[in-house]
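One structure is given below, encoded as structure tokens.
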There are 2 protein chains.
Amino acid sequence: MLGKLKAKYIQSLGQKKQRDAEGRFVAEGPKIVDDLLSSVPGMIEEIYSLPEWKSQHSIPPAVEHIEVSPNELERISQLKTPNQVLAVLRKLNEDTTPVIAGKVSLLLDTIQDPGNLGTIIRIADWFNISQIICSPDCADVYNPKVIQSSMGSIARIQVFYGDVIELLGENRNVPVYAMMLDGDDVSSFKQITEGIIIIGNESKGIQPAIAQYASKKITIPRKGGAESLNAAVATGIVLSRLV
Amino acid sequence: MLGKLKAKYIQSLGQKKQRDAEGRFVAEGPKIVDDLLSSVPGMIEEIYSLPEWKSQHSIPPAVEHIEVSPNELERISQLKTPNQVLAVLRKLNEDTTPVIAGKVSLLLDTIQDPGNLGTIIRIADWFNISQIICSPDCADVYNPKVIQSSMGSIARIQVFYGDVIELLGENRNVPVYAMMLDGDDVSSFKQITEGIIIIGNESKGIQPAIAQYASKKITIPRKGGAESLNAAVATGIVLSRLV
């Protein structure tokens, strides 16, 4: 049974302001919830599910389970087609600072589309990039659409938000690779073991204050008529070369 | 002024059945409509726009222009946020058969997500792949979401639907590259000038009846935890190596 106040609370987590205030976010659907249950069960606080889902899962004792009807699930779901289960999770500790030296990181400048951010998190996970640094105006990683399109990779990748210009200034000894229109052909690059790879906004590119830190500029040569490549696709192409 | 029947007609083009019956489809927003106006003006039948849009464009005499109010545009739009202009277009001639020999083609097996199909069309356009062959159960290329995410590339790429197994059987002398989990590392492949590159369904991969035609299997090696890569991202990575 789902109480009215609980329903309101879960709906409110659709908004960033509420997620920040509560330190909580929502993940939906069996694929993602299963993935989170097996990789970060400690982050899960509550699970709302249909009886069918419950009968196929064992839920850790610290997680509260609330059985809901299809109608109730629809009321709290952010999805067009609600899918069996919804989990409320605690946000990760945000006090830590990213360690840049000795590893490869992604730095996102103003990636505002939640679907793109989620897909980029999934790509980073595929290529074993464990941290992503976002400029403050990127989409919120706890946005339901980001969680959905990251397909559970959210549990394995650390995403930081902060002053990326300050961070670049403090790490001048780490090579910086920036995706830009006037760079060298991506196919001329070799694998790297340390570096910051910067992906910019799809229509505006990387802002000059950030781009000035680039030690190498990378371009995916255009051969046909399309004006631009999707930011997530460009990220995939660059990571497949560099990592 | 927008008549009631016209509004109903345009709304009905949101459905494949109606698009097939009428031989028409809809494209929205200044970016895509501008692109179509400059590349394939002959395909455009009607343009519905706010006065602002009209004042900045010259419309070919064969195209009917209907001025609409923001409220009227909202009524006929498929977008959450209607954007200045909507065009009704004639579908391309579908009688032609793809020519396979001597060029690189993409073959899509059961790509059902319209956003993915649109992004793949845009990637093909970037890499100058001029034709895409779709299995019949792929998303409809004239689906408004496909048109939207293809960002105008739809005007430059020929998309065919048909019996892909028959087509592969008829072109046994053309090399076939299939994206599969048990293939060779994509980084070991060189550029090609002729071939069919097969991309399969994200969760099910390529169906066996199609996969048996593969002369080479290609894999993007997984280094981290993600279970799969988005089909459009995988397409981008493969094309950036092979083309």
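The values are calculated or read from the model by the stated rules, or taken from the named source; none is laboratory data. All figures in this text were calculated on a predicted structure; none of them were measured in a lab. Cβ coordinates were reconstructed from backbone atoms using ideal geometry, including for glycine residues, and neighbour counts include every protein chain displayed.
Data table
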| item | result |
| --- | --- |
| One residue from B:S215, B:S203, B:S150 being surrounded by 23 or more Cβ atoms within 10 Å (Cβ to Cβ), over 24 Å from A:K190 (Cα atoms) and not assigned by TED's automatic domain parsing to the domain that holds B:G42 | B:S150 |
| Leading residue by the ranking (surrounded by the most Cβ atoms within 10 Å (Cβ to Cβ)) among those in the range B:84-113 that are touching a Leu at 6+ places or on another chain (Cβ under 9 Å) and over 30 Å from B:V63 (Cα atoms) | B:L108 |
| Residue that is surrounded by the fewest Cβ atoms within 10 Å (Cβ to Cβ), among those in the range B:173-193 that are farther than 20 Å from B:G205 by Cβ and of a type in the set (G, A, S) | B:S188 |
| Failed item in (1) among the aliphatic types (A, V, I, L, M); (2) within 19 Å of A:G118 (Cβ to Cβ); (3) surrounded by fewer than 17 Cβ atoms within 10 Å (Cβ to Cβ), with A:A27 passing the rest | (3) |
| Lone unmet requirement of (1) more than 14 Å from chain A (Cβ to nearest Cβ); (2) under 30 Å from B:F25 (Cβ atoms); (3) touching a Lys or Arg at 6+ places or on another chain (Cβ under 7 Å) for B:F160 | (3) |
| Hits in the range A:1-24 (condition: under 12 Å from A:L89 (Cα atoms), out of contact with any helix residue (DSSP H, G or I) (no Cβ under 6 Å at 6 or more places or on another chain) and buried (at least 16 other Cβ atoms within 10 Å of the Cβ)) | A:R19, A:R24 |
| Any hit, the range A:134-147, residues being surrounded by fewer than 16 Cβ atoms within 10 Å (Cβ to Cβ) and without any contact (Cβ under 8 Å) to a residue 60 or more places away in the chain | yes |
| Total residues in the range B:156-172, condition of a type outside the set (D, E, K, R), surrounded by fewer than 20 Cβ atoms within 10 Å (Cβ to Cβ) and touching an Asp or Glu at 6+ places or on another chain (Cβ under 7 Å) | 0 |
| Some residue of the range A:30-37 being assigned to a helix (DSSP H, G or I), among the charged types (D, E, K, R), within 17 Å of the chain's Cα centre (by Cα) and modelled with pLDDT under 95 | yes |
| Considering residues of the range A:122-144 that are within 12 Å of chain B (Cβ to nearest Cβ) and of a type outside the set (S, T, N, Q) only, the residue farthest from A:L107 (Cα to Cα) | A:W126 |
